[in-house]
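Remarks on the structure that follows.
The values are calculated or read from the model by the stated rules, or taken from the named source; none is laboratory data. In this text, all values refer to a predicted model and were calculated from it rather than measured experimentally. Please note: Cβ atoms are built from the backbone with ideal geometry, for glycine as well, and neighbour counts cover all protein chains shown. Note: accessible area is taken over every heavy atom of the protein model, side chains too, but ligands, DNA and RNA are not part of it. Shrake-Rupley method; radii C 1.70, N 1.55, O 1.52, S 1.80 Å.
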Amino acid sequence: MTGQQTLSQLDALEAEAIHIVREVVAQMERPALLFSGGKDSICLLHVAIKAFAPAPVPMPVVHIDTGHNFPEVLAFRDQMVEQYDLTLVVGSVQDAIDRGIVRPEPNGSRNRIQTPVLLDTIEKNKFDACMGGARRDEEKARAKERVFSFRDDFGQWDPRNQRPELWSLYNGKVHPGESIRVFPLSNWTELDIWDYIRARDIDVPSIYLAHERAVFERDGMLMAANEFCQPRDGEVVETRKVRYRTVGDASLTAAVASDADTLDKIIEETAATRLTERGATRGDDRVSEAAMEDRKKEGYF
C-alpha cells in the first residue's frame, strides 16, 4: 500500500484551477479566457495550457483594449498569442469612442467605459462564459464573488443573488443572453502568483521588474510620465527606480519605488507588504469605497 501523496500549496492551487478551467470547457458552449498580458492572466493562461496539453487551448483569448495600455504589456500579449497559437479577440474602446457608443470621462480615464465594450464583445461573440485572473485578495468586492459568477441578460452582477458552491461543484446553467464570469485563481494571493511564476519559470513583462522610469507624485502615488498621463502644475518629473505591481491603464496605474529587479526580490518584497496591489497603485479604485463593486454590478469583470 503506497503512502498518500501530499500536494504543495502551489500544486494544490494549480490543481484546483485546472479543475475549474476544465469544468468551464465541459459545461459551457462558447467559453473564452480574458487575457490582458498582466501577471494574473498570464498565470491563468499557463493553467489553461497545462489543463489541455498537448492539445491547444480550446477557446479564444479576449482583450478589452482601452488604448491606454503600457506598450511593454501589449507587446507581451502579442508574443504570447503567437507563441501558443492562440485566437485573439480584441474589444476596442477607441473604436467604440469613434463610433459614438461610449464617451471618455472628463478626467480622461477609460476604465468605466470598458464595461459596455466588454458586454458588446461578449454579445457579438456569443460567449456564455468568460474566465479571468481576478483574485479575492485584491479588493473587497472581489472577495464577495463566487468562482462561477452569474450575470443576467444585461451583463449585471447581483452580489445578493449568488449560487452555492459546495464541495467544488459548480453550476454553469445559463439561459439565452445570460453568461457566467469564472475566476479559477480566486483562492490565490499576490504572493502565490509570484511563487507560481518562479516555480514554473514563466515569463512576465519587464515592467514588473524594477527599472529606471520618469515618474511624478500624485495623490501619494508614483505616476509614469507618458502620453496618457502628464504632470500638472507643481508636479515634478524625476527618474526613479520603480516597478509595477499591477498593469492597468497607463493613465491611472501607479508604480511603486522598488529595487526588486529579480523574482526572488519581488517575492521577498511582496511577502513583507500589507497593502494590496490595487490599493497601492490603482487610482480607479480610489474614487469611493465601493468603486469596484459599483463597476462590477454594471458588468465590469
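Side notes on the structure shown:
- The chain: antiparallel DSSP beta bridges as a percent of all, rounded to 5: 60
- Theoretical gain in end-to-end length, Lys50 to Asp261 [0.36 nm per residue, Cα-Cα removed]: 73.2 nm
- Sum of side-chain charges, Leu88 neighbourhood, beta-carbon under 14 Å (Lys, Arg +1; Asp, Glu -1): -3
- Hypothetical label at Glu29: residues of the range 171-186 whose amide nitrogen lies under 17 Å (7 Å Cα-Cβ projection): 172-181
- Using θ = phi - 60° in the Karplus curve 6.51 cos²θ - 1.76 cosθ + 1.60, the 3J(HN,Hα) couplings for the range 7-23 round to 7, 6, 4, 5, 5, 5, 5, 5, 4, 4, 5, 4, 4, 5, 4, 5, 4 Hz; x is entered for Gly and Pro.
- The chain - mean residue ellipticity at 222 nm from DSSP helices (-39,500 (n - 2.57) per run, n ≥ 4, rounded to 500): -10000 deg cm²/dmol
- With the whole protein complex present, Ser206 retains an accessible surface near 80 Å², based on a 1.4 Å probe.
- Classification of the range 99-212 by its C-alpha gyration tensor yields an oblate form. The axis ratio a/c (a ≥ b ≥ c) is 1.5 or more, and b/c is at least a/b.
- Judged by the ratio a/c of the largest to the smallest principal axis of the C-alpha gyration tensor, the range 8-144 counts as prolate, that ratio being 1.5 or greater while a/b is larger than b/c.
- Counting lysine pairs in the chain that sit 8 or more residues apart in sequence, or on different chains, and whose Cα atoms lie under 24 Å apart gives 20.
- Averaged over its residues, the chain has an accessible area of 49 Å² per residue, based on protein heavy atoms and a 1.4 Å probe.
- Those trypsin sites (Lys or Arg not before Pro) in the range 3-106 that DSSP places in a loop and that have at most 11 other beta carbons within 10 Å: Arg99
- Carbon plus sulfur fraction of accessible area for the chain, probe 1.4 Å, in percent: 49
- Assuming charge only on the beta carbon of Lys and Arg (+1) and of Asp and Glu (-1), the dipole of the chain about its Cα centre is about 600 debye to the nearest 20.
- Taking the charge dipole of the chain about its Cα centre, with +1 at Lys and Arg Cβ atoms and -1 at Asp and Glu Cβ atoms, the residue from Gln162, Ile101, Val242 reaching farthest to the positive side is Gln162.
- The range 72-108 and the range 186-254 have Cα centres lying 19 Å from one another.
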